[in-house]
Amino acid sequence: MFDNLSDKLDKALHVLKGHGSITEVNVAETLKEVRRALLDADVNFKIAKEFTTKVKEKALGQNVLTALQPGQLMVKLVKDELTELMGGDAAGINLQGTPSIILMSGLQGSGKTTFSGKLANFLKTKKSKKPLLVACDVYRPAAINQLHVVGDQIGVEVYSEPENKNPVSIAQNAIAHAKSNGHNVVIIDTAGRLAVDEAMMAEIENVHKAIQPQETLFVVDSMTGQDAVNTAKAFNDRLNFDGVVLTKLDGDTRGGAAISIKSVVNKPIKFIGTGEKMDAIDVFYPSRMAERILG
Ligand code: GDP
């Protein structure tokens, strides 16, 4: 995960660590390399620039030049800032409702259906919940089947109405079904498109309004870099979602989405997907991710 970024940051900070005496020029050069590493990881220019400006201010404020271990101090400042940029503390998921309703949104192929299954499995096995999965994609019968396959795999009931073409009524019926059958979490998988389009947005907005979920999660493929951030912005403008799920972090992803999405939409990353299997889900901890990136 983020190997390239880790290597580059390591090299950038290594220079500073090796110096007996540190000068302002060394610090400036290091920060320039850090910025380059972030840009290479597909972090947008403005965020990368702000990042290094903040680290520089802190470095000067903490007298990095006269510190006993200036290299170590710089690594810490970069790590702290990276943690902050990715959201600071871990954000929890709201499971207050009876049942708690979780609405999944995102483009087709982002990993929405897979993640719906992973989340149901996580809540069932780790939080002793009784989830209900709901197939609300009224366009692709294959998507409904896919959710049934996932549900069978993890032993979670799947609610679908293949003949019903109205996602709002499917979602409402599913919630009624959950209430009368003792399900305390309802996870609604919605239809995605290959790109942001008005019909999709209007549809999910309607479902969102009608069912008032406790949690609306936006699922995005981390491999798509800056596009992931732009798509997040488009969905957030319409849904004001509660959190982000970054999928496919097991792939050769550069890291830009993980690093910049929080500061663009001001919503936390709540979970990550790290594989195709049902247990490849992790709660997102910004500090652990920063630790991992900086080694
Ligand atoms: P949806 O169209 O948004 O519902 O996306 P799917 O859940 O069908 O996922 C699209 C593809 O991505 C499938 O082949 C999944 O197996 C794969 N996928 C989903 N999440 C992950 C992940 O975290 N890692 C990897 N490597 N593949 C994933």
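The values are calculated or read from the model by the stated rules, or taken from the named source; none is laboratory data. Please read these numbers as outputs of a predicted model, since none were measured by experiment. Quick reminder, even Gly has a Cβ in these numbers, built from the backbone with ideal geometry, and neighbours come from all protein chains shown. Side chains included, ligands, DNA and RNA excluded: accessible areas come from the protein's heavy atoms. Shrake-Rupley method; radii C 1.70, N 1.55, O 1.52, S 1.80 Å.
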What's the carbon and sulfur percent of the chain's accessible surface, probe 1.4 angstrom, rounded to a whole number?
48
The chain: relative contact order as a whole-number percent, Cα under 8 Å and 6+ apart
26
Kirkwood Rh over alpha-carbon pairs of the chain plugged into Stokes-Einstein at 20 °C, 1.002 mPa s gives a D in µm²/s of 106
Which values of log₁₀ I(q)/I(0), to two decimal places, follow from the Debye formula for the stretch 120-211 at q = 0.16 Å⁻¹ with a uniform point scatterer at every Cα?
-0.64
As I understand it, the dipole of the chain uses +1 on the Cβ of Lys and Arg and -1 on the Cβ of Asp and Glu, about the Cα centre. Which of Ile93, Thr114, Val229 lies farthest toward its positive end?
Ile93
At 0.890 mPa s and 25 °C, Stokes diffusion of the stretch 58-114 via Kirkwood alpha-carbon radius, µm² per second
159
For Ala199 and Lys32 in one chain, what is 0.36 nm times their gap in residues minus the Cα-Cα distance, to one decimal in nm?
55.7 nm
Calculate, for the chain, the solvent-accessible area per residue in square angstrom, rolling a 1.4 angstrom probe over the heavy atoms of the protein chains.
46
To the nearest 10 degrees, the tilt of helix 167-180 (Cα long axis) against the first principal axis of the alpha carbons of the chain is 80
Would you mind telling me which residue in Glu33, Glu50, Glu84 has the biggest mean-square fluctuation in a Gaussian network model of the chain, where springs connect alpha carbons within a distance under 10 angstrom?
Glu50
Along the Cα→Cβ direction, 7 angstrom out, place labels at Asn145 and Asp40. What is the inter-label distance in nm?
4.5
Amide H neighbours of Gly106 at under 5 Å, excluding residues fewer than 5 places away on the same chain, with H built from the backbone geometry, are Val219
Once both axes come from the Cα atoms, what is the angle between helix 225-239 and the longest principal axis of the chain, in degrees from 0 to 90, rounded to 10?
50
Tell me, what HN-Hα J-couplings in whole Hz come from the Karplus equation 6.51 cos²θ - 1.76 cosθ + 1.60 at θ = phi - 60° for each residue of the stretch 185-201, using x for Gly and Pro?
9, 10, 10, 9, 8, 10, 6, x, 10, 6, 9, 4, 9, 4, 4, 5, 5
For Ile281, the residues 5 or more places away or on another chain with a placed amide H closer than 5 Å to its own amide H are Thr274
Using only the alpha carbons, work out the radius of gyration and Dmax of the stretch 213-295 in angstrom.
12.2, 38
Kindly express, to the nearest 10 degrees and within the range 0 to 90, the angle between helix 141-154's C-alpha long axis and the longest C-alpha principal axis of the chain.
80
With point charges of +1 on the Cβ of Lys and Arg and -1 on the Cβ of Asp and Glu, referenced to the Cα centre of the stretch 149-295, which listed residue (Leu294, Ala199, His177) lies farthest in the positive direction of the dipole?
Leu294
Using only Cα atoms, locate the centre of the stretch 139-153 and the centre of the stretch 205-264, then give the distance between them in Å, rounded to an integer.
22
